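Taken together, the values in this text are just the output of simple stated rules run on the coordinates, not laboratory data. Worth saying up front: this structure is predicted, and the values here are computed from it rather than measured. Using ideal geometry, Cβ is built from the backbone for each residue, glycine included, and neighbour counts are taken over all protein chains shown.
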Amino acid sequence: MNKNQYIEILEKKLSKLPHDERLDFINEIQVHFNESSKQGKTDTQIVESLGSAKHLARNILLEYDIDQLAKEKKILGYGTIGLKILLIGFKNLLVFPLAIGIFATVLALYVSLFAFYLSGALLIASPLIHMIAPSLVSTGPLPLWSMSLIGMGLILLTKKGHDYMNVGSTKLFRLFLKSLKHDNMVISS
């Protein structure tokens, strides 16, 4: 994302502000871009240092609301800020137990995947185990070599499931971290 795209998104997100206030914030960001460019930074590096335009706009709007309340001293305004803080707390009361349940489920699935890997490896090794200790391996009506094929198939299927688990759990973890970062930004401002 370059400077113009970043500022365009920021302007759209700050549309609730009065025109003069919005221009002041946009000018500050442009000055920051210009000074950082003089220091040899690229637009991408500057955008990374500023963070998401959405998050920056959200922080600016919250800061503006707080400043307006300090000027006007409206009880209703203090109530809206208190309500925002309560909503963040309420969201966390809902999200954290749910996240813990989801992470526990993901952990249990990883443990079961390990058990499937181990089962597949033991089935592959069953002819060798049968040669060492014949009483440990009972194939029933199946020939001994078929156990190795079943073990290989089990490992291949488990590998595919493992790949899907990695993708899904990574997305969940990123979503959880995004939520934490958002709350941290709102609270810190």
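Quotient of the Cα radius of gyration of the range 18-59 and 2.2 N^0.38 Å, N being its number of residues: 1.22. The alpha-carbon atoms of the range 1-73 define a convex hull whose volume equals 83 cubic angstrom per residue. Here I100, I60 are placed in order of increasing Cβ neighbour count within 10 Å, fewest first, which gives I100, I60.
Here the calculated FRET efficiency for H162 and F96, from their Cβ-Cβ distance with R0 = 25 Å, stands at 0.40, rounded to the nearest 0.05. Per-residue Cβ neighbour counts within 10 Å put D24, D43 in the sequence D24, D43, beginning with the fewest.
By the count of other C-beta atoms within 10 Å, a proxy for reagent exposure, M147, M165 are ordered fewest to most as M165, M147.
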